[in-house]
Amino acid sequence: MIPLKKHLAQYIETHRSEFINRWEKKVIIPDGEDSIEIIRGNGEKMVELLVHLLTFPQENIEESIKPFAKKVAEERLKVNINIGEFVYNVDIARSEIYKDLNKLTNDVTEIQEALDHFNLIFDRFLYYAVSHYTELKNSIIRQKEEYISTTHDDRLSLLGQMTSSFVHEFRNPLTSIHGFIQLLKAEHQNLPYLEIISGELDQLKFRITQFLMLSKKQIVDTEWANLSMNDLLDEVMSFLYPRIVEVNVRIEEDLQPGLHFSGYKEEIRQVFINIIFNAVEVLSDQHDDPVILLRAYEQNGSIVVSIKNNGPQIPLEHQATIFDPFFTTKKTGTGLGLYICKEIIEKHGGSLTCESAQDWTVFSISLPST
């Protein structure tokens, strides 16, 4: 008696065209008529392999099925077929052959043995095809992510070059104006509005310095030095004092004495100005006791500065992106301030984080102490 597996192989070979035609009517063809020929060709190849492998020991299936499965996966990826549709089409082929299996014998044991061998061929084919398809798809996604990242970096680099050129041109006349303001102050001490003009110029210089820091990795007009954290914070609060008074923000300070760190003074100064100024602006619409709590202390070899305000909570969907370049919720914002701050702090070997809840928003800066 001919073994059922061999009998099945002969039956499939004899009825090959019938199986293919029945299967072809049920498969999903998402990408137009051009792919019908490819799918039919693969179906015929699968039947040919099936006939061949049904007479082979199970251990020989892998080396025959794997190359074909990979080839089919690459073709399906090329036409961007949905992998679920691909699995469905393969299982349709399996089902069509199942229908005729009972015609060959009534011996349940023999049928089960043939089914096990038959299913192994289809299962291994699907495993290798889907695995290879997924690997290729993931590779394409990684390449796209790398391209997007590179393009984004190129944009930032170009922006830095343009910004640096523009800001240097803008800074020269600003320096002259500032000098003449100082002369007017000396010669006409009672002349009104000079302090306001001078304050506005300082704010403009601050914004210009922000852009310069974006365009350069090295600090402008200063050197790496050993710095007092408390002295630096005092300078920052003095600089922001007019705006703090205007908004009527209450400042509470808890600064541990003797805190020192090394870095570029102007860069770190700009970080504190930016974050505290942002907090003041947020509190400008807060009518119920607006408060900024400023703490500085040493912890595990680092200086931690906590800037806490009782303004509105930062929405949860924004908390993960507030340090991204160009992200802003302000109508006139550039979306670069917090990004620059994080870049500066990390360049100094530290970290900058933000936590926001219903009652408080806290920016925490950590820097290596000296």
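Taking the conditions exactly as written (open to solvent by 40 Å² or more (accessible area, probe 1.4 Å), out of contact with any Gly (no Cβ under 7 Å at 6 or more places or on another chain) and outside any helix (DSSP H, G or I)), does D234 satisfy them or not?
Spelling it out, it is not the case that D234 is open to solvent by 40 Å² or more (accessible area, probe 1.4 Å), out of contact with any Gly (no Cβ under 7 Å at 6 or more places or on another chain) and outside any helix (DSSP H, G or I).
Could you identify the single residue in V304, V271, V282 that is closer than 16 Å to V362 by Cβ, modelled with pLDDT of 90 or more and in a helix (DSSP H, G or I)?
V271
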Please pick out the residue among G350, G263 that is among the small types (G, A, S), open to solvent by less than 40 Å² (accessible area, probe 1.4 Å) and within 29 Å of the chain's Cα centre (by Cα). G350
So which residues in the range 311-321 are under 30 Å from S369 (Cβ atoms) and surrounded by fewer than 19 Cβ atoms within 10 Å (Cβ to Cβ), if there are any at all? I314, Q319, A320
Identify the residue in the range 109-130 that is open to solvent by 40 Å² or more (accessible area, probe 1.4 Å) and hydroxyl-bearing (S, T, Y) and, among all such residues, is modelled with the highest pLDDT. Y127
What about L227, is it in a helix (DSSP H, G or I) and buried (at least 16 other Cβ atoms within 10 Å of the Cβ)? no
Pairs, please: C-beta under 8 Å, at least 6 apart or cross-chain, first residue closer than 28 Å to A9 by Cα and touching a residue at least 12 places away in the same chain (Cβ under 8 Å) and in the range 121-138, second open to solvent by less than 40 Å² (accessible area, probe 1.4 Å) and charged (D, E, K, R)? F122/R94; A129/R76
Hey, can you tell me all the residues within the range 245-260 that are in a helix (DSSP H, G or I) and open to solvent by less than 60 Å² (accessible area, probe 1.4 Å)? V247
For the range 289-301, which residues satisfy the criterion of being part of a loop (DSSP other than H, G, I, E, B) and either small (G, A, S) or surrounded by fewer than 17 Cβ atoms within 10 Å (Cβ to Cβ) (or both)? D289, N300, G301
Residue satisfying all of: in the range 80-98; touching a residue at least 40 places away in the same chain (Cβ under 8 Å) and of a type in the set (S, T, N, Q); farthest from Y11 (Cα to Cα) among these: N80
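The values are calculated or read from the model by the stated rules, or taken from the named source; none is laboratory data. This structure is a prediction, so every number in the text was calculated from the model and none was measured. When we count neighbours, we look across all protein chains shown, and the Cβ atoms used for this are built from the backbone with ideal geometry, even at glycine. SASA here: full protein model, heavy atoms, side chains in, ligands and nucleic acids out. Shrake-Rupley method; radii C 1.70, N 1.55, O 1.52, S 1.80 Å.
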